Amino acid sequence: MMDFFNIDISAYADPQTLWTVFWMSVITVVSRSFFFISDTPWTLPAWAQRGLQYAPIAALSAVVIPEVVMTQGVFIHTLMDARLYGFVAGALYFFWRKGAGQAVLGTIISGMAVYLPLHIGLGW
């Protein structure tokens, strides 16, 4: 078993690695504090603000859709997959509610209410 308090870091502490960590830290701090350094107020152009409205749905669909339609990097080839029916149930609930109120929570609950019995009960 490895003792984490007696790790020899000399193998990891070569100058190139230390310089890389240092400069990446500097770049991270500068880029994240860029908006705090400036004294003048800064606003996004209108086209960028409109585009940012779609960023959450684009990021969510980039994560969720491949998970629904693929298994280990291959498209599913059967309709006996519980994820498809859970996704459809969640989407129908969301569009029925028109995205208002507790639509996200209801979407999750309705999708899981369809997914779990199919997945656990039928083994899909």
Quick one: in segment 33-64, of everything that is closer than 30 Å to Arg83 by Cα and among the β-branched types (Val, Ile, Thr), which residue is farthest from the chain's Cα centre (by Cα)? Ile57
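Quickly run through segment 106-124 and pick out the residues that are within 17 Å of Ser61 (Cα to Cα), β-branched (Val, Ile, Thr) and crowded, with 17+ Cβ neighbours inside 10 Å. Explain how you work it out, then say what you get.
So the first thing to find is which residues in segment 106-124 are within 17 Å of Ser61 (Cα to Cα), and the list is 107-108, 111.
Now restrict to residues that are β-branched (Val, Ile, Thr): 107-108.
Within segment 106-124, Thr107 is the sole residue that qualifies.
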Quick check: anything in segment 84-105 over 16 Å from Leu122 (Cβ atoms), among the charged types (D, E, K, R) and surrounded by 11 or more Cβ atoms within 10 Å (Cβ to Cβ)? yes
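To keep it simple, each residue is scored yes or no on (1) farther than 28 Å from Ser110 by Cβ; (2) free of Cβ contacts under 8 Å to residues at least 24 places away in the same chain; (3) of a type outside the set (Val, Ile, Thr).
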position: Gln49; (1), (2), (3): yes, yes, yes
position: Leu52; (1), (2), (3): yes, yes, yes
position: Ala55; (1), (2), (3): no, yes, yes
position: Ala59; (1), (2), (3): no, yes, yes
position: Val63; (1), (2), (3): no, yes, no
position: Val68; (1), (2), (3): no, yes, no
position: Phe75; (1), (2), (3): no, yes, yes
position: Asp81; (1), (2), (3): no, no, yes
position: Tyr85; (1), (2), (3): no, no, yes
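Quick grid of which residues meet (1) at pLDDT below 90; (2) in a loop (DSSP other than H, G, I, E, B); (3) of a type outside the set (Asp, Glu):
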site: Pro56; (1), (2), (3): yes, no, yes
site: Ser61; (1), (2), (3): yes, no, yes
site: Val64; (1), (2), (3): yes, no, yes
site: Val68; (1), (2), (3): yes, no, yes
site: Leu79; (1), (2), (3): yes, yes, yes
site: Leu84; (1), (2), (3): no, no, yes
site: Ser110; (1), (2), (3): no, no, yes
Tell me, yes or no, whether segment 37-52 has at least one residue that is assigned to a loop (DSSP other than H, G, I, E, B) and modelled with pLDDT of 85 or more. yes
Residues that are in a helix (DSSP H, G or I), at pLDDT below 90 and of a type outside the set (Phe, Trp, Tyr): does segment 18-28 have at least one? yes
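The values are calculated or read from the model by the stated rules, or taken from the named source; none is laboratory data. All figures in this text were calculated on a predicted structure; none of them were measured in a lab. FYI the Cβ positions are ideal-geometry reconstructions off the backbone, even for glycines, and counts take in every protein chain you see.
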